[in-house]
Amino acid sequence: MKKILPTILLLLFVTDLSAQAETAAPQPEPLNLLQILISGGPVMYPLGILSILALTLIFFFLFTMSRNSIASPRYMRTAEALLRKRDYLGLIAISHRHNEAVARVMARMLDFITKNPDAPLSEARDIALTEGTREASQINQRITYLADIGAIAPMLGLFGTVLGMIRSFSVVASDIAATRPMLLAEGVSEALVTTAAGLLIGIPAMAAYSFFRGRSQSLIAELEAATTHLFALFAATYSNTNDEDIS
């Protein structure tokens, strides 16, 4: 019993010293978001640029891809009134002051008609169709930038992953055993951060592209409807004008 008591006291003393050492040891502070992003290496810089571009395009399309950018009610009312009055020159002037897609289509068509008064309606229809097709292609072309970002960002993330793994394997091949675990962890961390960043940019960009692709199709349909309506009204007044000239 006398031999066991000192042993127990010694164990308690060692345990107390170990607990004090653990308490006194500094605890590593958690990394903030900026430190995590910096740990991704040089690939994070182009990924950051892509993220800014994606956000800029998303906000830009949210505010510009609307019905008023295609055919505002104000322009449609003014165009109908001027067409009924057969004031084609006035409608050209109004169309140049408006930024709607249908205004550009009507301005191009009426400009052709006023410069070629003997041209048949079929040629005017072709001009309107060509200009409408060009406007529709521009609407689709703008949103494809989001799809490009959604495809490029994961590829850049994969490139960063490859660089991080190359760095890790080069550390494994080195002879410096003391710093090998730390450098190996840095390479793996770089690979994981770039992969996550590429996916974090690419997935929302593709989701936004899918959303705006549906909106662009509805806007193109709105452009076709507005152009068809105004052209039908123009064809009626233009035919009546020609009939009066013939009579």
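Considering only the range 62-153, give the helices (runs of 4 or more DSSP H) lying wholly within it that have at least 1 residues that are touching a Gly at 6+ places or on another chain (Cβ under 7 Å) and more than 12 Å from Leu223 (Cα to Cα).
The qualifying helices (runs of 4 or more DSSP H) are 73-84.
Residues are listed down the side, and each one gets a yes or a no for (1) surrounded by 13 or more Cβ atoms within 10 Å (Cβ to Cβ); (2) at pLDDT 85 or above; (3) under 30 Å from Thr161 (Cβ atoms):
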| position | (1), (2), (3) |
| --- | --- |
| Gly48 | yes, yes, yes |
| Thr56 | no, yes, yes |
| Pro73 | no, yes, no |
| Ala79 | yes, yes, no |
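Taking the range 86-140 as the search range and keeping residues that are in contact with an Asp or Glu (Cβ under 8 Å, 6 or more places away or on another chain) and free of Cβ contacts under 8 Å to residues at least 40 places away in the same chain, which one is farthest from Ile70 (Cα to Cα)?
The qualifying residue farthest from Ile70 (Cα to Cα) is Asn116.
For the condition crowded, with 22+ Cβ neighbours inside 10 Å and modelled with pLDDT under 90, what is the one hit in Ala226, Ala191?
Testing whether each residue is crowded, with 22+ Cβ neighbours inside 10 Å and modelled with pLDDT under 90 leaves just Ala191.
With surrounded by fewer than 21 Cβ atoms within 10 Å (Cβ to Cβ) and in contact with a Leu (Cβ under 9 Å, 6 or more places away or on another chain) as the only criterion, which of Ala107, Ala151 stands out?
One residue alone meets the criteria, Ala107.
Answer yes or no as to whether Phe212 is closer than 30 Å to Met65 by Cα, crowded, with 20+ Cβ neighbours inside 10 Å, modelled with pLDDT of 70 or more and more than 28 Å from the chain's Cα centre (by Cα).
no
The values are calculated or read from the model by the stated rules, or taken from the named source; none is laboratory data. All of these numbers come straight from a predicted model, not from anything done at the bench. Here Cβ is always computed from backbone atoms with ideal geometry, including for glycine, and neighbour counts include all displayed protein chains.
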